[in-house]
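Notes follow the structure.
The values are calculated or read from the model by the stated rules, or taken from the named source; none is laboratory data. All values reported here derive from a predicted model rather than from experimental measurement. Glycine also receives a Cβ, built like all others from the backbone with ideal geometry; neighbour counts cover every protein chain displayed.
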Amino acid sequence: MSATTAPVTSLTVNTRVYEGQKPGTSGLRKAVKVFQQEHYTENFVQAILQALGDQLIGCTLVVGGDGRFYGKEAVAKIIRIAAANGVGKLIVGQNGILSTPAVSTIIRKYKTQGGIVLTASHNPGGPDADFGIKFNCDNGGPAPDNVTNKIYEITKTLQCYKIIPDISIDIDKIQNISIEVDGRPFTIDIIDSVNDYVELMREIFDFASIKKLLQDSADKPAFKVLINSMNGVTGPYVKRIFSELGVDDTSLVNIKPLEDFGGLHPDPNLTYAKDLVNAIKEGPYDFGAAFDGDGDRNMILGKKAFFVTPSDSLAVLAANLKLIPYFQKTGIKGYARSMPTAAAVDRVATKNGAKFFEVPTGWKYFGNLMDVGDLSLCGEESFGTGSDHIREKDGIWACLAWLNVIAGLGKSVENILLDHWKVYGRNFFTSVPLLLFQISELIIGSRYDYENCDSASADKMMQSIETLIQKPEFIGRKLQHGGKEYIVKQADNYSYTDPVDSSKATKQGLRILFVDGSRIIFRLSGTGSSGATIRMYIDSYENDPATLEKDAQLVLKPLINIALELSELRQYTGRDAPTVIT
Ligand code: G6P
Ligand code: ZN
């Protein structure tokens, strides 16, 4: 439906500066209550638009989010402010719904100047939980540091914003509306949230062979999947895609997006997606997948909830990329991972003679490498996997990539992993199974998160570790626990120079690298909405065939204890145990 409404005129509203509108790893993420303060959201949206500079007038932007509480109000504000600032067109997902990968898809497909994503990703939603606003650039990826810094600088001195208070659009209806604003044309296109993304998935994957895998046939029973959208945005996408693949609704769980995610913490890991883990452990399933609130994270499980660590998932896909039609067409340009991600994919790159990159935490660091054609596949330990089909990580893509690979290899998830480790060795990184092994009050896993710590103590701890590891005599030091010895090869505060634009990112995490390829890493999270979250990552490499199938808990125990002693984490944080282990 198309409609034209009467001409309107913009107003300028005086505002006050809000401190702390600095986008973190992935946009501005705060409690809903913070965004609800008078002018708070308006200021940030105005700053995003102003940061577009010369590109602003007449530009097209995509708007949508994960359906969480406050999303629709934010869309209404963005429409009013964008119109007043001279934006030419907004493409808005119906009901304000667009997954993060869908936003990236639409920005690229329609060549827009960027998009505004309304999400706090995997953080809980609802009036007492979190909200977030993130800007993506014209390549479809999260804004890089130079853009987010520009936005932040504008918020520090903003005195007013422009708005048209009386535009009110029904975003629940697919429609196209044209309005004359201050004598300029302004269009709002409310689009189906799912179509463009599903079309892209059909082009990338071999739907026919996946469909065959998922159906009963004369020679084998159907490969049984259980997909859990955690009441986040992926529900409608999952429903459309998996119905097309012949999977019925009983295998698709929590597929209605809810404003508060039904009380779930929509983060697909062994702790927060326990329902899926239990259902797969006890049920007849061969495969399970869960996605986060905005659809960019994924967790992959095999039979009996065999857990595929995100680092292994990346490495296995890297080794089997040629089974996917998209990569048969584009070729494999290179692989990358974020620094704290276990180094499993590095070995695939070496074996294939492919380009390989290590970047700081944050999907935005992959964008430049993809844009210049150096990178096909990348991933992060934080349950992010994706490729250069878009510029965001992509949960459903990862799930379909696994199913395409399984269909091609004709093997179970477990056997794919075992065969992979036999060739490349294994980077023990995440607990399998979780939280079962207790030693001296410690629960053993491998990424330990200490959430909501006092920021000053967390900073002090990081400083003290840095001082220790930067002493020249630290290199070569032998660290022991439980009969295992690790020799320090290199230690630093990680910094990165982008090979494409030479921009620098410093202080990206404390790294202790050992002679045998094992690593300990400490980082402060960039996505928390209050206090500090300390992340401790343990990556222990083994290539002895006798160790490959061992319980990860046992293999990781010595290195975890070394890390806890060296950091004095318990003394600094006053915490005996982590908040979450993934
Ligand atoms: C977001 C980004 C990821 C990043 C993660 C790190 O999810 O999209 O690219 O890996 O944040 O979060 P952290 O809390 O560790 O800074
Ligand atoms: Zn997310």
Out of the residues in region 500-556 that are over 28 Å from Phe474 (Cβ atoms) and within 16 Å of ligand 2 (Cβ to nearest atom), state the one that is modelled with the lowest pLDDT. Ser529
Flag if Ala84 is among the small types (Gly, Ala, Ser), surrounded by fewer than 18 Cβ atoms within 10 Å (Cβ to Cβ) and more than 14 Å from Ile116 (Cα to Cα): no
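Test of understanding: among Thr155, Thr148, which residue is in contact with a Phe, Trp or Tyr (Cβ under 7 Å, 6 or more places away or on another chain) and among the β-branched types (Val, Ile, Thr)?
On the way: Thr148 fails: in contact with a Phe, Trp or Tyr (Cβ under 7 Å, 6 or more places away or on another chain).
Step by step, each of Thr155, Thr148 is checked, and only Thr155 is in contact with a Phe, Trp or Tyr (Cβ under 7 Å, 6 or more places away or on another chain) and among the β-branched types (Val, Ile, Thr).
Got a sec? Which of Gly58, Gly64 is in contact (Cβ under 8 Å) with a residue 24 or more places away in the chain and assigned to a loop (DSSP other than H, G, I, E, B)? Full working, then the answer.
Numbers: Gly64 fails: assigned to a loop (DSSP other than H, G, I, E, B).
None of the others qualify; the one that does is Gly58.
Look at region 35-50 and say how many of its residues are out of contact with any strand residue (DSSP E or B) (no Cβ under 8 Å at 6 or more places or on another chain), surrounded by fewer than 21 Cβ atoms within 10 Å (Cβ to Cβ) and touching a residue at least 24 places away in the same chain (Cβ under 8 Å).
Here is the first cut: in region 35-50, the ones out of contact with any strand residue (DSSP E or B) (no Cβ under 8 Å at 6 or more places or on another chain) are 36-38, 40, 47, 49-50.
Then keep just the ones that are surrounded by fewer than 21 Cβ atoms within 10 Å (Cβ to Cβ); that gives 36-38, 40, 50.
So of that shortlist, the ones also touching a residue at least 24 places away in the same chain (Cβ under 8 Å) come out as 36, 50.
Total meeting the criteria: 2.
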Options Gly482, Gly509, Gly517; residue that is closer than 23 Å to Ala342 by Cβ, surrounded by fewer than 19 Cβ atoms within 10 Å (Cβ to Cβ) and touching a strand residue (DSSP E or B) at 6+ places or on another chain (Cβ under 6 Å): Gly517
The lone exception for Asn269 - which of (1) under 22 Å from the mean Cα position of the chain (by Cα); (2) away from ligand 1 (no atom under 16 Å from the Cβ); (3) farther than 16 Å from Leu377 by Cα it fails: (2)
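Okay, residues lined up against (1) small (Gly, Ala, Ser); (2) under 27 Å from the mean Cα position of the chain (by Cα):
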residue: Ser2; (1), (2): yes, no
residue: Val17; (1), (2): no, no
residue: Val34; (1), (2): no, yes
residue: Val63; (1), (2): no, yes
Cβ-Cβ under 7 Å, sequence separation 6+ or interchain: first residue in region 212-230 and within 13 Å of Pro268 (Cα to Cα) and among the polar types (S, T, N, Q), partner part of a loop (DSSP other than H, G, I, E, B) and modelled with pLDDT under 95. Which pairs? Asn228/Ala273
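The rows are residues; the columns are (1) under 21 Å from Ser104 (Cα atoms); (2) among the aromatic types (Phe, Trp, Tyr); (3) in contact (Cβ under 8 Å) with a residue 24 or more places away in the chain.
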position: Phe327; (1), (2), (3): yes, yes, yes
position: Asp346; (1), (2), (3): no, no, no
position: Thr350; (1), (2), (3): no, no, no
position: Asn368; (1), (2), (3): yes, no, yes
position: Val372; (1), (2), (3): yes, no, yes
position: Leu375; (1), (2), (3): yes, no, yes
position: Gly379; (1), (2), (3): yes, no, yes
position: Ser382; (1), (2), (3): yes, no, yes
position: Asp388; (1), (2), (3): yes, no, yes
Among the residues in region 63-80, are any under 30 Å from Arg523 (Cβ atoms) and among the basic types (Lys, Arg)? yes
Looking at Leu90, Leu49, which one is part of a helix (DSSP H, G or I) and out of contact with any Lys or Arg (no Cβ under 8 Å at 6 or more places or on another chain)? Leu49
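Please find, among Asp371, Asp296, Asp346, the residue that is farther than 29 Å from Leu118 by Cβ and either in contact with a helix residue (DSSP H, G or I) (Cβ under 6 Å, 6 or more places away or on another chain) or not aliphatic (A, V, I, L, M) (or both). It would help to see each step written out before you state the result.
On the way: Asp371 fails: farther than 29 Å from Leu118 by Cβ; Asp296 fails: farther than 29 Å from Leu118 by Cβ.
The match here is Asp346.
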Checking Ser168 against (1) in contact with a strand residue (DSSP E or B) (Cβ under 9 Å, 6 or more places away or on another chain); (2) surrounded by fewer than 24 Cβ atoms within 10 Å (Cβ to Cβ); (3) within 30 Å of Val8 (Cα to Cα), which single condition isn't satisfied? (1)
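Do you know which of the residues in region 261-279 that are under 26 Å from Glu542 (Cβ atoms) and crowded, with 21+ Cβ neighbours inside 10 Å is farthest from ligand 2 (Cβ to nearest atom)? Steps first, answer last, please.
Of region 261-279, the ones under 26 Å from Glu542 (Cβ atoms) are 269-271, 277.
Cutting the leftovers down to crowded, with 21+ Cβ neighbours inside 10 Å gives us 269-270, 277.
Values: Asn269: 12, Leu270: 17, Val277: 19 Å.
Applying the filter and picking the extreme gives Val277.
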How about region 449-514: which strands (runs of 3 or more DSSP E) wholly inside it have at least 1 residues that are under 24 Å from the mean Cα position of the chain (by Cα)? 484-493, 510-514
Do we find a residue being buried (at least 24 other Cβ atoms within 10 Å of the Cβ), assigned to a helix (DSSP H, G or I) and within 16 Å of ligand 1 (Cβ to nearest atom) anywhere in region 282-299? no
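Based on this model, can you work out whether Val17 counts as touching a residue at least 60 places away in the same chain (Cβ under 8 Å) and among the hydrophobic types (A, V, I, L, M, F, W, C)? Walk me through how you get there before you give the answer.
Working: touching a residue at least 60 places away in the same chain (Cβ under 8 Å): yes; among the hydrophobic types (A, V, I, L, M, F, W, C): yes.
Here the answer is yes, as Val17 does meet what is asked.
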Which residues, counting only those in region 525-582, are of a type in the set (Ser, Thr, Tyr) and assigned to a helix (DSSP H, G or I)? Ser567, Tyr572, Thr573
When you check Tyr541 against the structure, is it of a type in the set (Phe, Trp, Tyr), on the phi < 0 side of the Ramachandran plot and within 16 Å of ligand 1 (Cβ to nearest atom), yes or no? no
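Can you give me the ranges of the strands (runs of 3 or more DSSP E) entirely in region 99-205 with at least 2 residues that are more than 16 Å from ligand 1 (Cβ to nearest atom) and at pLDDT 95 or above? First the steps, then the outcome.
Working: elements: 114-118, 130-136, 160-163, 175-181, 184-191.
Ranges flagged: 160-163, 175-181, 184-191.
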